[in-house]
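What follows is a short report on a single structure.
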Amino acid sequence: MEGIFMQRRRFTIEFKQQLIQEASEIGNASQVARRHGVDPKMLY
């Protein structure tokens, strides 16, 4: 089964900082992660 591997996405430092700031302002990392299409574990 070739071609079923997911490619790893790379995020810029600015994007990561924006998500962390949003999560701290809102107080809900899961909601911010869902809105931006990233894994919630990335924010913890």
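The values are calculated or read from the model by the stated rules, or taken from the named source; none is laboratory data. As the structure is a prediction and not an experimental result, all values here were calculated from the model. Cβ coordinates were reconstructed from backbone atoms using ideal geometry, including for glycine residues, and neighbour counts include every protein chain displayed. Note: areas computed on protein heavy atoms with side chains; ligands, DNA, RNA excluded. Shrake-Rupley method; radii C 1.70, N 1.55, O 1.52, S 1.80 Å.
Below, the figures for the structure above:
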{"quantity": "Trypsin sites (Lys or Arg not before Pro) restricted to DSSP loop in the chain with at most 11 other C-beta within 10 Å", "calculated": "Arg8, Arg9, Arg10"}
{"quantity": "Solvent-accessible area per residue, Å², over the chain with all protein chains present [probe radius 1.4 Å]", "calculated": "94 Å²"}
{"quantity": "Portion, in percent, of the accessible area of the chain that falls on carbon or sulfur, probe 1.4 Å", "calculated": "51 percent"}
{"quantity": "Rounded to 10°, Cα long-axis angle of helix 13-26 versus longest principal axis of the chain", "calculated": "50 degrees"}
{"quantity": "Long-range tail of P(r) for the chain (Cα pairs > 14 Å, %)", "calculated": "51 percent"}
